[in-house]
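Chemist: Here it is, the structure, as structure tokens.
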Amino acid sequence: MKRLEKAQTPAEARALRLLRALGSPVRLRIVEIVAERKDCTAPQLAEELGLAQSSLFEHLSALREAGLVEVSGEGPNRYYGLDPSVLNSLAAYLGSVGDRTRAWALPGATARERGSVEIRDANLDDAPALARIYNQGIEDRTSTLETELRSPEERAEWLVAHDARHPVLVAVDSGGVAVGWSSLNRFNPRAAYDHVADMSVFVGRESRGRGVGDVMLTALEARARAIGYHKMVLAAFPTNAPGMRLYERHGFITVGVYREQGMLDGRWVDVVVMEKILR
């Protein structure tokens, strides 16, 4: 069933019109020049920008249609200026969007405030849910180079192989349904790497964007500290913007990029390597 598009509000329509008009670097520079000089003639703008008059007037027309630029006078005395109220309305709209991001900009704020997610150790009864959520990540091609779907039986064996030093945590909603899982994994079998943990975080499709990943990663980091790990590391796709934002919010920094590290569906995929020192 096709999802109906939400009708635009007047503020949204106006912001979209202004952003489209400012999408050209030349038009953005015109606005900057006029803002600096308060008003400006076409010859002055053409000289400053190095543009032909015909090209300049095309950009000015687009800015006037969007309501950004006003005109006063005629002929050689025609001046172009800005309407401050228009720019203020765009700034106010973008500011309101920024305000709405504050809830998820703080680790786990959304899910914690709602009290909707509980983190606990996974058990064998969770194997079907672990497989379901992991398979969604595999199918979506956003978070793993794995391509073969997993069965509950395989996830049960994988879970048994994780000892107390390499726990698997599951996020459960208020109805008792698993909505995500995370794990600490062995980074390298050599003893010198015993204080480094590789980590994984997977969120079910229906629960993404609700702060579940933040809550899980916070709990996973707390467990890593309690165990005595010195560092956590991870590998991520640079194209997975929500995942990259999640890791960066939690203090992970990029230490390198494996170029064309794997092939998915006939295309090469880069992998970002990130780390966090647990102090």
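Chemist: Can you pull the one-decimal nm distance between simple spin-label points at Glu206 and Arg249, each 7 Å off the Cα toward Cβ?
Modeler: Computed distance between label sites Glu206 and Arg249 equals 2.2 nm.
Chemist: Further, regarding this structure: Which value, in debye to the nearest 20, gives the size of the charge dipole of the stretch 109-277 about its Cα centre, when Lys and Arg are +1 and Asp and Glu are -1 at the Cβ?
Modeler: 520
Chemist: Which value in nm describes the separation of the simple spin-label points at Leu264 and Leu124, placed 7 Å from the Cα toward the beta carbon?
Modeler: My value for the distance between the label points is 3.3 nm.
Chemist: Continuing with this model, one more query. Could you calculate the FRET efficiency of Gln8 with Val196 from 1/(1 + (r/R0)^6), where r is the beta carbon distance between them and R0 is 41 Å, rounded to 0.05?
Modeler: 0.25
Chemist: Would you please name the trypsin sites (Lys or Arg not before Pro) within the stretch 161-197 that are DSSP coil residues with at most 11 other C-beta atoms within 10 Å of their C-beta?
Modeler: Here the trypsin sites (Lys or Arg not before Pro) that fit, given the DSSP loop and packing criteria, are Arg190.
Chemist: What does the helix-only formula give at 222 nm for the chain: each DSSP H stretch with n ≥ 4 adding -39500 (n - 2.57), the total divided by the residues, and the result rounded to the nearest 500 deg cm²/dmol?
Modeler: Rounded to the nearest 500, it is -13500 deg cm²/dmol.
Chemist: Hey, what did the stretch 109-277 get for relative contact order, percent, Cα under 8 Å, at least 6 apart?
Modeler: Values: 293 pairs, mean separation 34.5, N = 169.
It comes to 20 percent, rounded to a whole number.
Chemist: Let me ask something else about it. Give me the Å³ per residue figure for the convex hull around the C-alpha atoms of the stretch 109-277.
Modeler: Once divided by residue count, the hull of the stretch 109-277 is 115 Å³.
Chemist: Sticking with this structure for a sec: Kindly work out what percent of the DSSP beta bridges joining two residues of the chain are antiparallel, to the nearest 5.
Modeler: Details: 37 of 40 bridges.
So the antiparallel bridges amount to about 90 percent of the total.
Chemist: Multiplying the sequence separation of Tyr79 and Thr41 by 0.36 nm and subtracting their Cα-Cα distance, what value in nm do you get?
Modeler: Contour length minus Cα-Cα distance gives 13.2 nm.
Chemist: Here's something else I'd like to know. Compare Val34, Val179, Val196 in a GNM of the chain, Cα atoms joined below 10 Å, and give the one with the largest fluctuation.
Modeler: So, out of Val34, Val179, Val196, the one fluctuating most is Val34.
Computed from the coordinates by the stated procedures, all read-outs in this text should not be read as laboratory data. Values in this document were obtained by computation on a predicted structure and should not be read as measured data. Cβ: placed from backbone, ideal geometry, glycine included. Neighbour counts: every protein chain shown.
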